[in-house]
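Asker: Please find one structure pasted underneath; my questions will follow.
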Amino acid sequence: MRKAVYPGTFDPITRGHIDIIERGIELFDELIITLAINADKNPLFSVDERIEMIEDAVKDFDNVQVASTSGLIVDFAAAERAIALLRGLRYMSDFEYEFQMAWINRHLNKNITTLFLMPHRRYTHLNSTVLREVAELGGDIDSFVTPMVAKRIKQKFHITT
Ligand code: ADP
């Protein structure tokens, strides 16, 4: 049973994340999407809201679990007997941070391998921050998220369309 953990903030989950998930489930028997609870970040959506949106987005995949942790991701992965951490790489600006995280995670647990996947080019410039900013200003975000996420974002920003 080859398991991987896909960690992230998912504030909220986008089609870029889903693209990585679809690829990941081809490579592993089980994928655990793991919401990393980070006290330093000030998310738009609560942990429960983000989990609900992830669960809705992956409801049709049977080898995907959804979890959260406020501890070290490698510790969570080891406890789950996962062998890999999945991360998305979009452009060079992602590289420096991702490289640093992969390095420290390898230092913390050499048995867990970080694996980078590239999304479809239509999602290359998509991130949750851009999405939140465009949505707040009333821009069209429907093609970048699931219908549930589009609805929840509009509710947050009191947009009625
Ligand atoms: P984090 O705060 O851990 O970066 P995110 O939720 O922003 O959390 O991202 C989780 C992972 O998904 C990261 O590896 C990120 O690079 C990747 N990711 C985010 N958006 C996209 C996208 N549009 N395409 C591919 N990967 C993405």
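The values are calculated or read from the model by the stated rules, or taken from the named source; none is laboratory data. Every value quoted in this text rests on a predicted model; they were computed, and no experiment measured them. So basically every Cβ, Gly included, is an ideal-geometry build from the backbone, and we count neighbours across all protein chains shown. Keep in mind that these areas ignore ligands, DNA and RNA; they rest on the heavy atoms of the full protein, side chains included. Shrake-Rupley method; radii C 1.70, N 1.55, O 1.52, S 1.80 Å.
Asker: Taking 8 Å as the Cα distance limit and 6 or more residues as the minimum spacing, I'd like the relative contact order of segment 1-91 as a percentage. Intermediate results must be reported in sequence, preceding the final value.
Answerer: On the way: 128 pairs, mean separation 38.8, N = 91.
Averaging sequence separation for qualifying contacts and normalising by length gives 43 percent for segment 1-91.
Asker: While we're here: At 1.4 Å probe size, with every protein chain present, just tell me what the per residue accessible area of the chain comes to in Å².
Answerer: Accessible area per residue: 59 Å².
Asker: Which entries of LYS3/LYS59; LYS59/LYS156; LYS41/LYS156 show an alpha-carbon separation above 20 angstrom in the structure shown?
Answerer: Numbers: LYS3/LYS59 18 Å; LYS59/LYS156 23 Å; LYS41/LYS156 18 Å.
As for pairs spanning more than 20 Å Cα to Cα, those are LYS59/LYS156.
Asker: Oh, and also: Could you point to the residue in LEU131, ALA4, MET92 farthest towards the positive end of the chain's charge dipole, with +1 and -1 charges on the Cβ of Lys/Arg and Asp/Glu respectively?
Answerer: MET92
Asker: Once both axes come from the Cα atoms, what is the angle between helix 15-27 and the longest principal axis of the chain, in degrees from 0 to 90, rounded to 10?
Answerer: Between the helix axis and the principal axis of the chain, the angle is about 30 degrees.
Asker: Given the chain reduced to its alpha-carbon atoms as identical point scatterers, what log10 I(q)/I(0) does the Debye formula return at q = 0.10, 0.16, 0.21 Å⁻¹?
Answerer: -0.35, -0.92, -1.53
Asker: Mind listing the phi-derived Karplus ³J(HN,Hα) values for segment 133-149, rounded to whole Hz, using 6.51, -1.76 and 1.60 with θ = phi - 60°, and x for any glycine or proline?
Answerer: Working through the residues one at a time gives 5, 5, 4, 4, 8, x, x, 7, 10, 4, 7, 9, 9, 6, x, 5, 5 Hz.
Asker: Of the heavy-atom accessible surface of the chain (probe 1.4 angstrom), what whole percent is carbon and sulfur?
Answerer: Details: 4830 of 9540 Å².
Using a 1.4 Å probe with all protein chains present, the chain comes out at 51 percent carbon and sulfur.
Asker: Same structure again: Counting only residues 5 or more places away or on other chains, whose amide H sits under 5 Å from the amide H of ALA84 once H atoms are built in the peptide plane?
Answerer: VAL5, THR113
Asker: Let me know the longest stretch in the chain that avoids all chymotrypsin sites (Phe, Trp or Tyr not before Pro) found in a DSSP loop with at most 16 other C-beta atoms within 10 Å. Walk me through the numbers on the way to the answer.
Answerer: Details: sites that count: PHE61, TYR91, PHE157.
By the stated rule (loop sites, at most 16 other Cβ atoms within 10 Å), 92-156.
Asker: Still on this structure, I have one more. To the nearest 500 deg cm²/dmol, what mean residue ellipticity at 222 nm is calculated for the chain from DSSP H runs of n ≥ 4 alone, each contributing -39,500 (n - 2.57), summed and divided by the residues? Provide the component values of the computation, followed by the final result.
Answerer: Values: 6 runs with 67 residues, N = 161.
After summing the helix terms and dividing by the residues of the chain, the value is -12500 deg cm²/dmol.
Asker: Loop-only trypsin sites (Lys or Arg not before Pro) in segment 107-145, please: DSSP not H, G, I, E or B, and at most 13 other Cβ atoms within 10 Å. Can you show the working numbers first?
Answerer: On the way: sites: LYS110, ARG121, ARG122, ARG132; in loops: LYS110.
Answer in residue order: LYS110.
Asker: Okay, next question. So what is the relative contact order for the chain, in percent, with contacts set as C-alpha pairs under 8 Å and at least six apart? Present the calculation step by step, with values, prior to reporting the outcome.
Answerer: Working: 225 pairs, mean separation 45.2, N = 161.
Once divided by the residue count of the chain, the mean separation gives 28 percent.
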